[in-house]
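Take a look at the structure set out below.
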Amino acid sequence: MLINWFRDQDHLVYINGETQLAQLEKTLRFPGLQEAAEALRDNPNPEGYTIKGPKRTCGRLFVPDLTFGKHIEMGENVFFYMGEMAECYVIYWPGKPVTEVHHGEM
């Protein structure tokens, strides 16, 4: 994973964690996505979580600001990454960022 890929807004789709996350889990067929995203929001860590999807697929939940050690736009929220050939979902909870925003180096 390269940080510059996540800085390109064309690769990102924004999902409200309170109202749209359950539907995203059903649409993508990733059972446990909502539970894992909420667990990462409540207990953020630099490694994040890998979750299994359908037909030998997997996705990565992580917080870019913690993973890369640098702030990127919306990087204080949970990202769901399924590879460079797919969109990356930015899961945010209004008024509840996962980490504090630190501009520049963390």
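The values are calculated or read from the model by the stated rules, or taken from the named source; none is laboratory data. Only a predicted model underlies this, so the values are computations on that prediction, with no experimental measurement involved. A quick note on method: Cβ atoms are made from the backbone with ideal geometry, for glycine too, and the neighbour counts reach across all protein chains shown. Keep in mind that these areas ignore ligands, DNA and RNA; they rest on the heavy atoms of the full protein, side chains included. Shrake-Rupley method; radii C 1.70, N 1.55, O 1.52, S 1.80 Å.
Tally up the carbon and sulfur contribution to the accessible surface of the chain as a whole percent, 1.4 Å probe, everything protein left in place. Exposed carbon and sulfur together represent 50 percent of the surface. Share of pairwise Cα-Cα distances greater than 16 Å in segment 1-57 is 56 percent (whole percent). Note that the chain shows a convex hull volume over its alpha carbon atoms of 94 Å³ per residue.
Taking trypsin sites (Lys or Arg not before Pro) across segment 34-79, the ones in a DSSP loop with at most 16 further Cβ atoms lying within 10 angstrom of their Cβ are 55, 56.
So the label point goes 7 Å from the Cα of residue 18 along Cα→C-beta, right? Which residues of segment 82-99 then have their backbone N under 13 Å from it? It comes to 92-97, nothing else.
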